[in-house]
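We did not get these values from a lab; they are worked out from the coordinates using the rules stated. As the structure is a computational prediction, the values presented were derived from the model and not from experiment. So basically every Cβ, Gly included, is an ideal-geometry build from the backbone, and we count neighbours across all protein chains shown.
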2 protein chains.
Amino acid sequence: MEKRVSLITLGVDDLEASAAFYAALGWQREKVEETGIVVFNLLGQVLGLYPKAALAKDLGVEVPSTVGFSGMTLGYNVREKAEVTQIYDAAVAAGGKGLKAPHDIFWGGHSAFIADLDGHVWEIAHNPFSPPREDGTFQWGG
Amino acid sequence: MEKRVSLITLGVDDLEASAAFYAALGWQREKVEETGIVVFNLLGQVLGLYPKAALAKDLGVEVPSTVGFSGMTLGYNVREKAEVTQIYDAAVAAGGKGLKAPHDIFWGGHSAFIADLDGHVWEIAHNPFSPPREDGTFQWGG
């Protein structure tokens, strides 16, 4: 396999509500002809929102019944420390759930955890030793 | 927020076993000084493996008790249709669980679903109308 993730698909209960949540954080929804999906073009990959029940049906598995920590987080690294609080506040204002308020981490980082409307967990993080590159990409070790 | 996901962190039960699973699929583990994490540099972002219990503790939530569909999938889009079966077979051989064998989709795509050792779901997909670009990036609408 080449080194990429093409698509991150989040199963959601209310497509329009979830689309509004991510739009409120500043991401721009693509116009798509298909109904029943919402698409955001991110840096070199796509974030898709898709009804959770349809996603489970595609997989042939049970629909997840609970909203909770799924054992996976998506990380958004900021350029300036102050952005952690800005984005945390914006996400909570948009209906997200604050799981852990902005806090310093022992090694010098600063981070917060929020859950989106369906419980998908995001970490908003500032790593002063390894910031995003100017083009937004992030690689371990610089 | 700028348009990016910096980090995808998968909570795992057995760090070395999960590292071996992704290495078997062809991804190269980075050398990291910290113990307790495994890192793969992907295209413009990082995939991290981290003990599920530690991840839950960081978030201040319950450790997910079940391995199952979490309501999110990660998609890997291939360049050639035949790669879907190749990667599906390789993932199963490496200890992954085949959730849905390679199959044609009504709109002309071809896809398969697999779960990694901890139940994180990947879709391996061929979209003949919107293949990955030469540099590996993928955007909706070309």
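Quick look at the values:
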{"read-out": "Axis-nearest residue of B (beta carbon) for the B-onto-A rotation, whole Å", "value": "B:S70, 2"}
{"read-out": "Contact order normalised by residue count of the stretch A:9-142, Cα under 8 Å, 6+ apart, percent", "value": "23 percent"}
{"read-out": "Average beta-carbon neighbours from other chains, 10 Å sphere, peptide B:44-52", "value": "6"}
{"read-out": "Shortest-first nm distances, B:Q28 label point to equivalent points in other copies (7 Å, Cα→Cβ)", "value": "3.5"}
{"read-out": "Nm distances between copies for A:D14, ranked from closest, using label points 7 Å along Cα→Cβ", "value": "4.2"}
{"read-out": "Cα gyration tensor, chain B - rounded (a/c under 1.5), prolate or oblate", "value": "prolate"}
{"read-out": "Inter-label distance for B:K97 and B:A53, nm, one decimal - labels placed 7 Å from Cα along Cα-to-Cβ", "value": "2.1 nm"}
{"read-out": "FRET E, pair A:A17, B:R79, Förster distance 45 Å, beta-carbon r, rounded to 0.05", "value": "0.80"}
{"read-out": "Over the stretch A:66-133, relative contact order from alpha-carbon pairs under 8 Å, at least 6 apart, %", "value": "40 percent"}
{"read-out": "Inter-label distance, nm, simple model (7 Å from Cα along the C-beta direction), B:D89/A:Q86", "value": "5.1 nm"}
{"read-out": "Magnitude of the charge dipole, chain B, Cβ model with Lys/Arg +1 and Asp/Glu -1, debye to 20", "value": "280 debye"}
{"read-out": "Rounded if a/c under 1.5, otherwise prolate or oblate - the stretch A:1-62, Cα gyration tensor axes", "value": "oblate"}
{"read-out": "Dipole of chain A, positive end: most advanced residue of A:H126, A:Q139, A:F106 [Cβ charges, Cα centre]", "value": "A:F106"}
{"read-out": "Estimated [θ] at 222 nm from DSSP helical runs (n ≥ 4, -39500 (n - 2.57)) normalised by residues in the protein assembly as shown, nearest 500", "value": "-6000 deg cm²/dmol"}
{"read-out": "Exam field: B:S130 pseudo-label spacings to other copies (7 Å along Cα-Cβ), nanometres", "value": "3.1"}
{"read-out": "Shape of the protein assembly as shown, Cα gyration tensor, a/c cut at 1.5", "value": "rounded"}
{"read-out": "Additional length obtainable on full extension of the chain from A:I105 to A:V63, 0.36 nm per residue less Cα span", "value": "11.6 nm"}
